[in-house]
């Protein structure tokens, strides 16, 4: 029986051709990766390292554990070890983009070891603990971008120095949110990763259609019970809850970006009952759709 989990990224497969540092420049502590879109690195996956993920271009949905949110350029997220994640662009041009993401992948082991002799490093450890659920930072893009530029363009002790400066800056940031409601400990193989990535992408593209559990289980040639079990294990949500999260997330985008009536948005994102839409929106966002729109306009005015 197959199980469909996000795949564990193998450090030995971090090919420089995909955007990672060449082997000669890899340190025990960190490595850098930058890539465009589309790219084989854009997939539902996890790894034993931490990842600081910065979006340079495009917007869309991002998934961290059981969290679904909207990203745009400047989105900055710190993902802890074994926490599944993926960023899916919804406005990717036909020709793609040359640079979509810049990431720093790092190992906490040397950092904790160093803290035994350098007590100053203890300043960043609470933030790294919180990253087990994923952390999204706000209003830091202008400050962070120069740090990333310097890290990507430097080497050896200079790179490490700037990297610790950046972690210190983020550890003092008070405007952030934790993402996933639970800590994941994923496991799986390449076939598992491919299957769950395909399922998540399908839901992201067809959320407005009247798809139900029987339909999608049949589409992916699984029984309903088996699909429900492996989907819950891989994403932390039932299929129905995950679909609702995707639909509400899209509704939030429309509420912020358009003047479309709330009743029309309800049907645009796949709900067939306005009362149910309002109820689920309130449950997930702790605010009504109309109040959300008003709040968003006051923030982005």
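The values are calculated or read from the model by the stated rules, or taken from the named source; none is laboratory data. Model, not experiment: these values are computed from the prediction. In this analysis, Cβ positions are derived from the backbone assuming ideal geometry, glycine residues included, and neighbour counts consider all displayed protein chains.
Screening the stretch 73-141 for strands (runs of 3 or more DSSP E) wholly inside it with 3 or more residues that are at pLDDT 95 or above and within 25 Å of residue 43 (Cα to Cα) returns the ranges 76-79, 97-106, 135-137.
Looking across the stretch 163-184 at every residue that is surrounded by 14 or more Cβ atoms within 10 Å (Cβ to Cβ) and assigned to a loop (DSSP other than H, G, I, E, B), the one that is modelled with the highest pLDDT is identified as 173. Within the stretch 24-48, residues that are over 11 Å from residue 103 (Cβ atoms) and in the same structural domain as residue 80 (by TED's automatic domain parsing) sit with their Cβ atoms under 8 Å from residues that are at pLDDT 90 or above and in a helix (DSSP H, G or I), at 6+ positions apart or across chains, in these pairs: 27/159; 27/160; 28/110; 29/110; 29/111; 29/160; 29/163.
Among the listed residues 160, 219, identify the single one that is closer than 25 Å to residue 31 by Cβ and modelled with pLDDT of 90 or more. When all the criteria are applied, what remains is 160.
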